[in-house]
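Have a look at the structure below before the remarks.
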Amino acid sequence: MLFSQASFYGRCGAVVGAIALLASCGGGGGGGGGFFPTPGPVVPPVVTKHSVGGTVTGLAGGTLVLQNNAGDDIQLTANGKFSFATAVASGSAYAVTVRTQPLWQFCTVTKGSGTITADVSDVAVACTAAAAQVSTFAGSGSSGKADGNGAAASFSDPFSVVLNKSGELLVSDLGNNLLRKISANGDVITYAGNNSNVSVDGNGTAASFNGLTAIGLAPSGDLYAAEFGGNRIRKITPAADVGPFVGSGAPGAINGNGANATFTGPIAMTVDGAGNIYVAELNTALIRKITPAGDVGTLVGAGSFVRPYGIVADAAGNLLVADSENNRIAKVTPDGVVSTFAGSKTGVAGSDDGPIDTATFSRPGGLAFDAIGNLYVTDTTNGVLRKITPAGVVSTLAGTAGQSGFQNGIGKDARFSQPYGLAVAADGTIYVADALNNRIRKVTPVAPVAP
């Protein structure tokens with residue numbers, strides 16, 4: 001009995017001691033805290049991230065846009081190493097693709113996807129020149145003046161083309177003396193002119209032209225049109241009001257303002273960024289300059305060219321002239337100094353590609369620049385479309401020299417028949433007035449054809 005009581009009191013003393021110990025640590029009831037301690041902050045696991053990058057080769061001007069995992073873009077303008085700004089969590093997928101191709105180039109990605117476990121630096125992007133896909137944008141091929149969509153429309157010797165600010169293509173339909181307009185989806189309408197061969201002012205089809213050749217668009221949005229037979233430069237507003245600008249109508253080479261000036265057979269035209277108009281006269285071989293105020297002067301006199309057939313201004317204010325009978329592209333400085341830019345200095349005709357000082361042409365016609373300085377040339381007698389890079393390399397983009405005709409296709413498989421006017425859209429699409437085919441052709445960049 002005594003032993004039993006001692007055990008009982010011993011056990012009770014142990015319990016009391018334990019309770020006292022808990023109380024001293026903030027335990028116990030009565031608002032003094034619970035029996036369990038408050039847990040500490042949760043520490044998240046460490047997530048390892050890795051960079052994704054690689055190397056670009058073959059990029060020749062323009063801007064290449066790459067994308068990783070459809071969320072991280074990088075713009076590249078030169079060859080070399082690149083790395084995306086956003087790192088990728090270890091164990092996640094990465095996928096590098098081309099979002100935007102550079103103008104008239106085609107880039108492909110290898111080693112561009114996988115599951116990332118370490119920094120990736122071996123994505124390879126290789127760029128090369130794109131091939132040219134030639135298609136028919138508008139025109140049935142038969143001579144006519146029907147409006148309509150695409151091949152339902154008809155033209156007669158379309159000569160000059162220009163793109164307006166809305167992305168519509170304006171065409172001088174020489175054989176019909178009509179100014180035509182083509183929407184982005186190929187709807188053709190008659191914008192001005194009525195098929196008669198006389199200079200009459202008016203709105204839209206109430207106006208008429210005498211030998212409508214070159215057209216040029218000013219920064220103001222006004223269009224200027226050269227009349228080969230009327231020896232005038234006419235002005236057409238965006239509302240299709242056709243009126244006089246410069247030239248009396250009499251043939252001649254008199255400088256002066258407005259109707260006091262005279263021209264003889266204006267054939268080609270370009271407008272610079274300041275709104276100055278440059279006109280090439282076919283038979284007199286003069287290059288005339290017209291200010292926005294209508295003051296006419298002579299920039300280059302006779303003797304420098306033989307039948308200049310195309311003209312365009314570059315970003316530096318120089319003019320490039322298709323000196324057709326000399327089978328070359330000439331350069332004219334703002335001061336009127338003339339030199340050979342591309343083609344034979346001896347006037348030899350040919351179709352050789354290569355550096356500008358050895359390449360040859362045969363009666364070059366239309367000229368147009370793209371946004372990165374490539375110059376496109378319709379090599380009229382050869383029946384091909386040529387390209388001159390800023391580095392001075394000439395290549396045949398579409399068509400086969402000496403094989404005129406009509407055929408859509410890629411590169412050398414396409415056929416033209418005396419292509420002349422050129423216009424280049426911001427995305428690099430080229431529009432060609434294929435004169436003897438009575439069509440407007442569309443040339444777009446595509447993946448190069450395997451040899």
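The values are calculated or read from the model by the stated rules, or taken from the named source; none is laboratory data. Keep in mind that what you see is a predicted model, and the values were worked out from it rather than measured. Here Cβ is always computed from backbone atoms with ideal geometry, including for glycine, and neighbour counts include all displayed protein chains. Heavy atoms of the whole protein, side chains included, go into the accessibility calculation; ligands, DNA and RNA do not. Shrake-Rupley method; radii C 1.70, N 1.55, O 1.52, S 1.80 Å.
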Amide N of the stretch 118-141 lying under 17 Å from the label point, which is placed 7 angstrom from the Cα of SER83 along Cα→Cβ: 118-124
Taking Cα pairs under 8 Å and at least six residues apart, what relative contact order does the stretch 81-163 come out at, in percent? 20 percent
Per residue, how much accessible surface does the stretch 227-287 expose to a 1.4 Å probe? Answer in Å², no decimals. 33 Å²
Please turn the phi angles of the stretch 119-130 into ³J(HN,Hα) values with the Karplus equation 6.51 cos²θ - 1.76 cosθ + 1.60 (θ = phi - 60°), one per residue in order, whole Hz, x for glycine and proline. 4, 9, 9, 10, 5, 10, 10, 10, 10, 8, 5, 6
Could you state the accessible area per residue of the stretch 309-396 in Å², with a 1.4 Å probe and every protein chain left in place? 36 Å²
Can you compute the radius of gyration and Dmax for the stretch 320-407, using only the Cα atoms, both in Å? 12.2, 43
Quick one: net charge around PHE361, please, counting Lys, Arg +1 and Asp, Glu -1 for every other residue with C-beta under 15 Å from its C-beta. +1
Roughly how big is the stretch 276-338's charge dipole about its Cα centre, with Cβ charges of +1 (Lys, Arg) and -1 (Asp, Glu), in debye to the nearest 20? 60 debye
Relative contact order as a percentage, the chain, C-alpha pairs under 8 Å and 6+ apart, gives 11 percent
Around VAL279, with a cut-off of 10 angstrom between Cβ atoms, what is the net charge of the other residues, counting Lys and Arg +1 and Asp and Glu -1? +1
Taking the alpha-carbon set of the chain, what are its Rg and Dmax in Å? 35.8, 147
With an 8 Å cut-off on Cα pairs and a minimum separation of 6 or more residues, tell me the relative contact order of the stretch 257-388 in percent. 15 percent
Where nothing but the Cβ of Lys and Arg (+1) and of Asp and Glu (-1) is charged, how large is the charge dipole of the stretch 32-190 around its Cα centre, in debye to the nearest 20? 160 debye
Based on the mean of other beta carbon atoms within 10 Å per residue, what is the order of 127-133, 360-366, 278-284, 140-146, most packed first? 360-366, 278-284, 127-133, 140-146
Compare the peptides 243-254, 194-205 by average per-residue count of other Cβ atoms within 10 angstrom and give them in order, highest first. 243-254, 194-205
So for the stretch 412-451, using the alpha carbon gyration tensor with a ≥ b ≥ c as root eigenvalues (a/c under 1.5 gives rounded; past that, a/b versus b/c decides prolate or oblate), I'd call it oblate
Given only helices, namely DSSP H runs of n ≥ 4 each adding -39500 (n - 2.57), what is the per-residue ellipticity at 222 nm of the chain, to the nearest 500 deg cm²/dmol? -2000 deg cm²/dmol
Compactness of the stretch 169-262 as Cα Rg over 2.2 N^0.38 Å, two decimals: 1.04
Accessible surface of the stretch 364-451 [probe 1.4 Å, protein heavy atoms]: carbon and sulfur percent: 53 percent
Give LYS181/LYS331; LYS145/LYS165; LYS331/LYS387 a once-over and call out the pairs whose C-alpha atoms are over 27 Å from each other. LYS181/LYS331
Compute the helix-to-body angle for 2-24: its Cα long axis versus the longest principal axis of the chain, expressed 0 to 90° and rounded to tens. 30 degrees
Checking rank on 167-177, 383-393, with mean other Cβ inside 10 Å and highest first, the result is 167-177, 383-393
Once you charge only the Cβ atoms, +1 for Lys and Arg and -1 for Asp and Glu, what is the size of the charge dipole of the chain about its Cα centre, to the nearest 20 debye? 600 debye
